[in-house]
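Below is one structure; the comments refer to it alone.
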Amino acid sequence: MKSARPQAGFGMLEAIVALVLFALVGSTLFAWINTNLDAASRLRQRERTQRQMQLATAWLQTRNPLAEASGEAEPEPGTRVRWQARAVTPLTPGAPFPGGTFSPFRLALYELDVTVSAANAGETRFTLTRLGVERDPVTELLPAR
């Protein structure tokens with residue numbers, strides 16, 4: 001005979017099923033959070049690398065690869081930039097100005113192999129293409145017209 005009073009609360013089987021579901025949801029959430037933290041860490045590292053490259057590129061824009069074919073510098077404390085330039089094109093006279101007068105400069109295209117190192121971001125290598133410029137000694141000796 002059944003009792004007239006209904007049972008209240010969870011039974012043992014329902015409690016185990018609820019705990020298993022809670023564990024599955026919790027482990028899935030943990031894996032998702034861990035994936036996001038890893039992605040954020042990679043993004044921060046990539047941002048530091050990009051900042052190093054931008055700093056080195058901006059600093060090397062002030063250097064003439066024809067005059068300084070290689071070197072090493074510290075554009076800001078803790079960041080060291082090393083570069084080695086190699087000519088891509090031969091040294092050529094500049095384009096003539098309108099009216100037939102020639103440019104007083106000679107130009108060459110250079111590829112710079114750049115290495116940037118910093119204590120907090122490791123070492124980054126990249127290639128930069130720059131124009132090397134020098135004053136043409138022949139045009140300096142020509143009399144002014």
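The values are calculated or read from the model by the stated rules, or taken from the named source; none is laboratory data. The structure presented is a predicted model; accordingly, all values stated were derived computationally and were not measured. All Cβ positions, even for glycine, are placed from backbone atoms using ideal geometry, and neighbour counts span all protein chains on display.
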Qualifying residue in the range 22-42 (condition: assigned to a loop (DSSP other than H, G, I, E, B) and exposed (fewer than 14 other Cβ atoms within 10 Å of the Cβ))
no
In the range 55-67, the residues that are within 14 Å of THR129 (Cα to Cα) and either at pLDDT 90 or above or under 21 Å from the mean Cα position of the chain (by Cα) (or both)
ALA56, THR57, ALA58, TRP59, LEU60, GLN61, THR62, ARG63, ASN64, PRO65
Unique match (being of a type in the set (A, V, I, L, M), at pLDDT 90 or above and over 22 Å from GLU134 (Cα atoms)) among VAL116, VAL88:
VAL116
In the range 69-105, anything in a loop (DSSP other than H, G, I, E, B) and under 18 Å from the mean Cα position of the chain (by Cα) is listed as GLY78
Exception for THR57 within (1) within 27 Å of GLN45 (Cα to Cα); (2) in a strand (DSSP E or B); (3) in contact with a Leu (Cβ under 8 Å, 6 or more places away or on another chain) falls at (2)
Residues in the range 59-73 that are surrounded by 12 or more Cβ atoms within 10 Å (Cβ to Cβ) and either more than 18 Å from SER117 (Cα to Cα) or acidic (Asp, Glu) (or both): how many?
6
